[in-house]
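Structure record follows, encoded as structure tokens.
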Amino acid sequence: QVQLAESGGGLVQPGGSLRPSCTVSGVIFSAYAIGWYRQAPGKQRELVAGISKGGTTNYADSVKGRFAISRDNAKNTVYLQMDNLKPEDTAVYYCSAGIFWDVVRGTPQYWGQGTQVTVSS
């Protein structure tokens, strides 16, 4: 059974940082691309960042220079370092896994349950 378990969300003030993580089980982790998506109330789910099995990354324009995605294949875990957070970053953040182009196009094989990130003073 494939499981994607997100953790590390929370409440942070504007300008602060968070580092949610996604731990994957039930598949050969190193063979999969991983993506982080987010969905704010009343908005569509959008890609935040993706990382290929080889480590190639891509980011939404709105987070470039503030967010960094990385993976640790020994721990089956992907991290999303989020710095200089803004109120508009508030959303539920979802982890996803699959073939790279499916992940970045929003049609991955697997989804996590999500973790809430709230940026507010």
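The values are calculated or read from the model by the stated rules, or taken from the named source; none is laboratory data. None of these values were measured; they are calculated from a predicted model. As a convention, Cβ positions derive from the backbone with ideal geometry for all residues, glycine included, and neighbour counts pool all protein chains shown.
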Among the candidates Gly35, Gly42, Gly16, Gly10, which residue alone is within 19 Å of Asp89 (Cα to Cα) and free of Cβ contacts under 8 Å to residues at least 12 places away in the same chain? Gly42
Per the filter on the stretch 64-121, residues buried (at least 18 other Cβ atoms within 10 Å of the Cβ), over 12 Å from the mean Cα position of the chain (by Cα) and not in a loop (DSSP other than H, G, I, E, B) are Asp89, Gly98, Phe100, Val119
With respect to Phe67, is the statement that it is modelled with pLDDT under 95 and touching a strand residue (DSSP E or B) at 6+ places or on another chain (Cβ under 9 Å) true? no
Going through Ala33, Ala5 one at a time, which residue ends up being of a type outside the set (Ser, Thr, Tyr), surrounded by 13 or more Cβ atoms within 10 Å (Cβ to Cβ) and farther than 16 Å from Val103 by Cβ? Ala5
